[in-house]
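Each remark here refers to the structure printed beneath this line.
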Amino acid sequence: MIRAMIVINNQGKPRLSKFYNYTPVDQQHQVIRSIYSVLCLQPENVSNFIEGGSILGPDSRLVYKLFATLYFIFVFDSSENELAMFDLIQVYVETLEKCFSNVCELDIVLNYSKMHTILDEMILGGQVVETNSEKVMQAVEEISKLEKVTAATKFISKSTSLLWG
């Protein structure tokens, strides 16, 4: 099971975090700080797989990949395949590239809900449900259309209520 997906910039600021088991917020912050402190000590020429026992408890691992200034991290247990998790990071980033053309930290900050929508289309309850970035993008586009229609409907109903009082 996937326990968490975290995106941290190279200064240690979390830009996205989603925990799939209940974890109190202060413990989430502690986990993120611990992960960042481990990542800072990793030389560039070593494996992107880390045993998470000391940080995240027994039977936990993490895999990460650095893109520009952002670390994309998956925390998972032994039931998941490390290479599959590494590939999932790649699929997630490819999907972001399709969505934002050239992903940067600002895109993540300004489009926080879309980042979660993409992640939710790929992972549900800690289980991978979709790894095809085309299908994920199709679902995200459909959700965006529905959000626009809903927003337009709310705007129209508020406008008419103001006119007709």
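Below are the figures for this structure:
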quantity	calculated
Unit charges at the beta carbon, dipole of the chain: most positive-side option, Thr131, Gln42, Met115	Met115
Full-stretch length increase - Gln138, Gln28 - with 0.36 nm per residue and alpha-carbon distance subtracted	36.5 nm
Order of exposure, largest accessible area first, which applies to Glu105, Glu44, Glu147 with probe 1.4 Å	Glu44, Glu147, Glu105
The chain: calculated mean residue ellipticity at 222 nm from DSSP helix runs of at least 4, using -39500 (n - 2.57)	-17500 deg cm²/dmol
Accessible surface, the chain, averaged per residue in Å² (probe 1.4 Å)	58 Å²
Area accessible to solvent at Tyr20, 1.4 Å probe radius, in Å²	40 Å²
Helical segments meeting 30 Å axial Cα length and Kyte-Doolittle 1.0 threshold in the chain (DSSP H)	none
When each of Lys98/Lys148; Lys18/Lys65; Lys13/Lys135; Lys65/Lys98 is checked by Cα-Cα distance, pairs over 28 Å	Lys13/Lys135
Residue-span extension gain [Lys13 to Glu97] - 0.36 nm each, minus C-alpha spacing	28.1 nm
Pairwise FRET efficiency - Leu146 versus Glu44, Cβ, R0 = 41 Å, nearest 0.05	0.45
Formal net charge of residues neighbouring Asp87 (Cβ-Cβ distance under 14 Å; K, R +1; D, E -1)	-3
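The values are calculated or read from the model by the stated rules, or taken from the named source; none is laboratory data. Nothing here was measured: the structure is a model prediction, and the numbers come from that model. Methodologically, a virtual Cβ is constructed for each residue, glycine included, from the backbone with ideal geometry; neighbour enumeration extends over all protein chains shown. For the accessible areas, the whole protein counts, side chains as well, though only heavy atoms, and no ligand, DNA or RNA atoms are used. Shrake-Rupley method; radii C 1.70, N 1.55, O 1.52, S 1.80 Å.
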